[in-house]
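Step one of this worksheet: look at the structure below.
The values are calculated or read from the model by the stated rules, or taken from the named source; none is laboratory data. These numbers come from a predicted model, not from an experiment. A quick note on method: Cβ atoms are made from the backbone with ideal geometry, for glycine too, and the neighbour counts reach across all protein chains shown.
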Amino acid sequence: MKILVLTMGGTIDAESYPEGRTPQYITPGNRRLSISTLRDIAEKHGGGVEIICIPICNKDSKDMNDMDRDKLYNTVQGNAASYPRIIVSTGTDNMTDLAKNLKSRVGTTLACPVVFTGAISPLANQVSDGRENLELAAFGKPDAAPDIYIAMHGHFVTPNLIYKDFDKKKFVLR
């Protein structure tokens, strides 16, 4: 099985930084920890899963623009029929908005589930929620119908059912 991962930047792939400080985002030439972490997770699930990566952009989710959203849409539409699942790793501040935007654009034309995920704390930190979120995005709800989902903090749901609680620093159901 092959899983396509579309990387968009955000905290999950940021350099390590202390809580309360501004994240230092990776540059496109740097190794994306989300991809190596997903490959490790796939191996621990028995192997047989190939992780394919296409970088979309490398931005904080608050800095994404229409070109980034268009590139995401075009990449999903051009690849969905070739993969049983697509994961979008992105920043969490505007994750639900980005997922809702994609959902409104693709309508009912998706050929596979597209799962958004990220992290409140970078994978490069000693403690991060990123690994469990990536594992949920890759292996949660194996029978998920083609649609747009968010996999964060133990939840695997459509974007209209979840939001980021900035005070609690976690995603919660509506």
Residue by residue through the range 1-28, note down the ones that are under 13 Å from residue 91 (Cα atoms) and either modelled with pLDDT of 75 or more or not in a loop (DSSP other than H, G, I, E, B) (or both).
-> 6, 7, 8, 9, 10, 11, 12, 13, 14
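The rows are residues; the columns are (1) at pLDDT 95 or above; (2) within 17 Å of residue 114 (Cα to Cα).
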site	(1), (2)
30	no, no
39	no, no
43	no, no
47	no, no
55	no, yes
87	yes, yes
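From the list 158, 109, 117, which one is modelled with pLDDT of 95 or more and over 16 Å from residue 37 (Cα atoms)? I'd like the intermediate steps shown before the answer.
On the way: 109 fails: modelled with pLDDT of 95 or more; 117 fails: over 16 Å from residue 37 (Cα atoms).
Residue meeting the stated conditions: 158.
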Please tell me if residue 158 is without any contact (Cβ under 8 Å) to a residue 12 or more places away in the chain, surrounded by fewer than 22 Cβ atoms within 10 Å (Cβ to Cβ) and among the polar types (S, T, N, Q).
-> no
Might you check whether a residue that is surrounded by fewer than 18 Cβ atoms within 10 Å (Cβ to Cβ) and farther than 17 Å from residue 4 by Cβ occurs anywhere in the range 71-88?
-> no
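A quick yes/no check of all residues on (1) touching a strand residue (DSSP E or B) at 6+ places or on another chain (Cβ under 8 Å); (2) in contact (Cβ under 8 Å) with a residue 40 or more places away in the chain:
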{"residue": "91", "(1), (2)": "no, yes"}
{"residue": "104", "(1), (2)": "no, no"}
{"residue": "111", "(1), (2)": "no, no"}
{"residue": "123", "(1), (2)": "no, yes"}
{"residue": "136", "(1), (2)": "yes, no"}
{"residue": "139", "(1), (2)": "no, yes"}
So is residue 148 over 23 Å from residue 47 (Cβ atoms) and in contact (Cβ under 8 Å) with a residue 60 or more places away in the chain or not?
-> no
